[in-house]
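Data block below; observations after.
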Amino acid sequence: MFEGDSAFAFLKLSRTQRLYGFVACLAIGFVLSVLGTSLLFLGMLFSFVILYTIGIVVSLIGTGFVIGFFQQLKLMFKPVRIVASIIFLGSIGMVFVAAFVLGNQLLCIIMVIVEYLAYTWYTLSYIPYARDAVLKMVGLA
């Protein structure tokens, strides 16, 4: 997990410092995304899109502390994860379309739900048999 070059190798961070950087980015990104999502429910569409997107980007930057951006991209587009990755990235883009082009709050909410589901499915691909277990739990396997 911590082997090889991270995107922040030039900082000469220790393994522990890189882990702290990852956790900090993940936590900050999560908080920003949740704050942004709460603004959506208050009808503040523009503020939602800005906070939500910054939260997603900060969370993704956290992986640079651990494995690096190029390694993350390679892992995202492995055959087992490509569909979830495309849906995840596409739903982020669709949040912008729903907010700025269509001005549709309901579609924004739907795209946020799709994004979280795609990210969850993507994450489960790293845990052996996790997807199979989830499919069995919901009666689809």
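The values are calculated or read from the model by the stated rules, or taken from the named source; none is laboratory data. Remember, predicted model here, so these are calculated numbers, not experimental data. Neighbour counts are summed over all protein chains in view; Cβ atoms, including those assigned to glycine, are modelled from backbone coordinates with ideal geometry. Calculation scope for accessible area: heavy atoms of the full protein, side chains included, ligands and nucleic acids excluded. Shrake-Rupley method; radii C 1.70, N 1.55, O 1.52, S 1.80 Å.
For the stretch 69-82, check the following and say yes or no: at least one residue is over 30 Å from residue 12 (Cβ atoms) and assigned to a helix (DSSP H, G or I). Scanning the stretch 69-82 turns up at least one residue that is over 30 Å from residue 12 (Cβ atoms) and assigned to a helix (DSSP H, G or I).
Evaluation of residue 100 against the conditions (1) open to solvent by 30 Å² or more (accessible area, probe 1.4 Å); (2) in contact (Cβ under 8 Å) with a residue 24 or more places away in the chain; (3) within 23 Å of residue 121 (Cβ to Cβ) shows that the sole unmet condition is (3). Considering 91, 47, 14, 38, the condition of being open to solvent by less than 30 Å² (accessible area, probe 1.4 Å) and of a type in the set (S, T, N, Q) is satisfied by 91 alone.
For residue 117, indicate whether it is more than 30 Å from residue 11 (Cβ to Cβ), part of a helix (DSSP H, G or I) and out of contact with any strand residue (DSSP E or B) (no Cβ under 6 Å at 6 or more places or on another chain). Against the criterion (more than 30 Å from residue 11 (Cβ to Cβ), part of a helix (DSSP H, G or I) and out of contact with any strand residue (DSSP E or B) (no Cβ under 6 Å at 6 or more places or on another chain)), residue 117 qualifies.
Residues checked against (1) open to solvent by 70 Å² or more (accessible area, probe 1.4 Å); (2) under 21 Å from residue 107 (Cα atoms):
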| site | (1), (2) |
| --- | --- |
| 54 | yes, yes |
| 58 | no, no |
| 66 | no, no |
| 69 | yes, no |
| 78 | yes, no |
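Given the condition modelled with pLDDT of 90 or more and among the charged types (D, E, K, R), answer yes or no: does some residue in the stretch 67-80 qualify? Looking through the stretch 67-80, at least one residue is modelled with pLDDT of 90 or more and among the charged types (D, E, K, R).
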